[in-house]
Amino acid sequence: MNLEVHSKKTTLFNTLFTKKWNANDTLKVYCAGEQPKTVLLSDLQGMVENVATWLISQGVKQGNRLGIVSTNRLEYVLLDLAALRLGLVTAGFDPASFAKQQDLADSYSLDLLFYDKKFAETQASAKQARVIDTVLEAALTPQDISLPIPIEYDEKDVCTIKFTSGSTGAAKGLGATVGSVGQSLSSTQKMFSHGPGDTLLVFLPLSLLQQRYWIYSAIHYEHDVVLADSRLALEAIQQEHPTVIMGVPAFFDALKEFIEMMAGGDGHPEALVNAAKQVLGENIRYLWTGSAAARPDTLEFFERTCGVAIYEGYGLNETCITTKNHPEAHKRGSVGKPLDGVRVEIGSDGGIYVYRDHPVNDHYMYAAEGVSEKVFMSDGAVATGDLGHIDEDGFLYVMGRADDVVVLTNGKTIAVRPLEERILQLPDVKQTIVIGTGRHLLAALVSTAPDNDREDVKRDVLNATRGVGSEAVELVIFADDGFSMENGLLTSQGKVRRRAIQEYYNEVIQKGYGGQS
Amino acid sequence: MTTTETIIRRHIAQTAKSKGKSPEDIDLTANLKQEFGISSMKLILLMTALCKEFDVLLSSFDERDLAVIDRGEDLIRVFEKVQEGAAS
């Protein structure tokens with residue numbers, strides 16, 4: 001793929017540092033064990049410039065690579081923006097996945113690595129390592145060095161490295177181009193018109209580039225943004241009454257349960273609406289969900305029962321935000337229509353292929369040999385590895401990963417996602433995957449509350465999948481530990497790691513199938 | 001039984017959606033995740049609800065407090081500590 005064929009100019013990063021940041025907008029930060037901090041964006045600009053000059057005093061130069069391994073905090077924002085101001089390349093490492101990897105700085109050729117000592121003390125021994133706490137002091141201390149004029153980015157410049165947590169294996173590293181960030185932000189803005197009066201809540205890790213978008217958006221489109229440690233998300237919602245909550249399906253599933261609990265459990269619609277208002281506040285405009293498939297009952301709960309819009313979208317690290325439901329074009333169950341400058345095609349193999357005016361990149365920076373070629377096609381497409389279809393109105397429906405397909409010993413090939421969605425509608429089922437490759441029948445591996453009657457759950461699961469496709473689930477196996485990030489069975493974005501799950505539960509699966517295929 | 005314990009028992013019973021399990025039957029020494037299905041996400045929701053009831057902020061708990069909550073008795077300990085801190 002030749003990145004130079006894309007001529008459309010997006011100039012977001014080039015204007016971000018030449019404009020005066022608004023004194024009416026704020027960044028508010030919630031961290032554990034600290035009072036929330038509020039910073040006017042106009043003050044934030046000065047702090048970022050101080051950090052930028054301090055970084056220069058530390059010897060960094062344009063193009064240097066700056067790693068950050070930290071949970072969400074003000075210092076993270078300051079470093080990220082200062083790095084953009086100077087033309088550095090950031091690399092955000094999620095502490096949950098990377099904190100214990102001892103050779104981060106050398107493995108990823110980092111010139112500086114800022115680490116949070118509460119989570120990533122293992123990084124301290126690297127010569128490039130700095131404690132992230134030092135950044136706040138630098139932000140409040142003007143340096144005796146003049147700041148160069150903001151650099152002018154080319155659309156093809158890489159400004160950050162994203163790491164895929166990987167639902168199938170080891171993390172891959174991918175450089176994200178400035179053009180791709182600008183394109184995603186401007187097309188998202190067209191759909192949602194974030195602006196004065198809006199407060200966006202961000203609590204997913206800032207190591208995910210898309211979460212940092214909302215900081216850039218606050219500066220560029222002039223709105224407030226609240227950044228929280230993920231554990232303080234609900235408290236931030238209740239204190240700040242955001243207009244938009246950027247989440248993932250697992251969070252909204254939990255939020256649904258919380259609202260139901262607050263409503264008193266009898267399921268009365270009026271009580272649920274009131275509880276939703278009490279929990280989400282009166283200002284909510286919409287909920288943003290993506291990164292993994294949302295449960296249909298959760299989408300219905302927020303939209304129909306609570307009257308709160310929830311917009312599902314689709315995108316991978318390799319494609320950035322690709323499709324999105326939004327106020328002007330919304331079909332529940334779909335992941336929306338392509339963003340401006342994005343084209344989605346369904347291949348003859350049923351796979352979803354994505355073309356962008358400004359591609360994220362055309363290869364991985366860190367991946368095993370041959371992996372890039374399987375994903376980044378020579379015609380500019382990204383082969384997502386997901387299966388889907390597009391309806392007559394242009395809405396995309398994701399049917400599952402290509403590797404979500406189970407091939408039974410009878411030769412039947414079954415896309416398991418529709419079966420899983422049907423099972424997940426059962427109130428007693430928390431999580432499930434359907435398995436069966438190399439076996440004679442389909443089984444559902446199910447996680448449920450410990451005191452649910454297992455016989456009832458089994459019966460409901462078996463009934464639920466009848467008539468959904470050519471094969472129904474015929475066996476139910478219980479996954480007592482569930483699937484979580486802690487046990488390594490969910491990615492940091494809440495996606496199931498199918499292979500890891502089957503390895504983890506291998507013994508109970510074998511037993512469930514009676515020791516035979 | 002202290003007021004803190006009574007409230008925490010009630011919230012665990014509600015969050016766990018325990019069928020037929022009254023707050024008095026909650027085993028405070030049992031692992032919240034294994035015994036009641038209270039995963040990390042649900043634990044945050046449980047703690048947020050408790051904070052609301054005790055009128056304290058979740059952000060007043062530091063990393064050490066948050067890292068050691070596995071059982072009902074841990075919740076009692078950290079909430080009593082934060083309430084004492086707020087009172088002093």
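Of all DSSP beta bridges confined to region A:8-209, the antiparallel ones make up roughly 40%.
Rounded to the nearest 10 degrees, the angle from helix A:454-464 to the longest Cα principal axis of chain A is 90 degrees. Cross-link pairs exceeding 28 Å in C-alpha to C-alpha distance, out of A:Lys19/A:Lys495; A:Lys337/A:Lys495; A:Lys117/A:Lys172; A:Lys37/A:Lys118; A:Lys37/A:Lys117, comprise A:Lys19/A:Lys495. The simple Förster model, with R0 at 45 Å and r as the Cβ-Cβ distance, assigns A:Lys331 and B:Val56 a FRET efficiency of 0.55. Pairs of Cα atoms nearer than 8 Å and 6+ residues apart set the relative contact order; for chain A it is 11 percent.
Note on the protein assembly as shown: antiparallel DSSP beta bridges, both residues inside, total approximately 55 percent of the bridges counted.
Note the full-extension length gain between A:Thr15 and A:Asp340 as 0.36 nm times their separation in residues minus their Cα-Cα distance, in nm to one decimal.
Taking 0.36 nm per residue and subtracting the Cα distance, the gain is 114.9 nm.
Accessible surface computed residue by residue for region B:3-87, with neighbouring protein chains in place and a 1.4 Å probe, gives 47 Å² per residue. Here the sum of -39500 (n - 2.57) over DSSP H runs of 4 or more residues, divided by the residues of chain A, equals -8500 deg cm²/dmol at 222 nm, to the nearest 500.
Nearest 20 debye, what's the magnitude of the dipole of the protein assembly as shown about its Cα centre given +1 on Lys and Arg Cβ and -1 on Asp and Glu Cβ? All intermediate terms of the calculation are to be shown ahead of the outcome.
Values: 60 positive and 82 negative charges, 138 e Å.
Charge dipole of the protein assembly as shown: 660 debye, to the nearest 20.
Taking a ≥ b ≥ c as the square roots of the Cα gyration tensor eigenvalues, the protein assembly as shown comes out oblate, since a/c reaches at least 1.5 and a/b does not exceed b/c.
Name the shape class, rounded, prolate or oblate, that the alpha-carbon gyration tensor gives for region A:8-209, where a ≥ b ≥ c are the square roots of its eigenvalues, rounded holds for a/c under 1.5, and otherwise prolate holds if a/b is larger than b/c and oblate otherwise. Since a/c stays below 1.5, the shape of region A:8-209 is classed as rounded. Counting Cβ atoms of other protein chains within 10 Å of each residue's Cβ and taking the mean over peptide A:27-37 gives 3. Residue-normalised convex hull volume from the C-alpha trace of region A:371-517: 151 Å³ per residue. The angle separating the long axis of helix A:269-280 from the principal Cα axis of greatest extent in chain A is about 30 degrees.
Dipole size of chain B about its Cα centre, with +1 on Lys/Arg Cβ and -1 on Asp/Glu Cβ: approximately 400 debye, rounded to the nearest 20.
First select every other residue whose beta carbon is under 11 angstrom from the beta carbon of A:Ile435; then total the charges, Lys and Arg +1, Asp and Glu -1. Kindly include the intermediate steps, with their values, before the conclusion.
Working: positive: A:Arg439, A:Arg498, A:Arg499; negative: A:Asp404, A:Glu420.
That sum, taken over residues with Cβ under 11 Å, equals +1.
Counting only protein heavy atoms and a 1.4 Å probe, chain A has 40 square angstrom of accessible area per residue.
The alpha carbon convex hull volume per residue for chain B rounds to 86 Å³.
What are the DSSP H helices in chain B that stretch 15 Å or more along their long axis, judged by alpha-carbon atoms, and whose average Kyte-Doolittle hydropathy comes to at least 0.0?
Numbers: long enough: B:3-16 (20 Å, -0.35); B:40-54 (21 Å, 1.19); B:72-87 (22 Å, -0.23).
Taking the DSSP H segments of chain B (at least 15 Å long, mean hydropathy at least 0.0), we get B:40-54.
From other protein chains only, count the Cβ atoms within 10 Å of every residue's Cβ in A:449-457, then give the mean.
3
Once C-alpha pairs closer than 8 Å and six or more residues apart are averaged by separation and normalised to the residue number of region A:158-226, the relative contact order reads 27 percent. Label sites at A:Ser146 and A:Asn410, each approximated as a point 7 angstrom past Cα along Cα to Cβ, lie 7.9 nm apart.
The values are calculated or read from the model by the stated rules, or taken from the named source; none is laboratory data. Predicted, not measured: the structure shown is a model, and the values here were computed from it. Neighbour counts run over all protein chains shown; Cβ positions are idealised from the backbone, glycine included. Quick note on the areas: whole protein, heavy atoms, side chains included, nothing else; ligands and nucleic acids left out. Shrake-Rupley method; radii C 1.70, N 1.55, O 1.52, S 1.80 Å.
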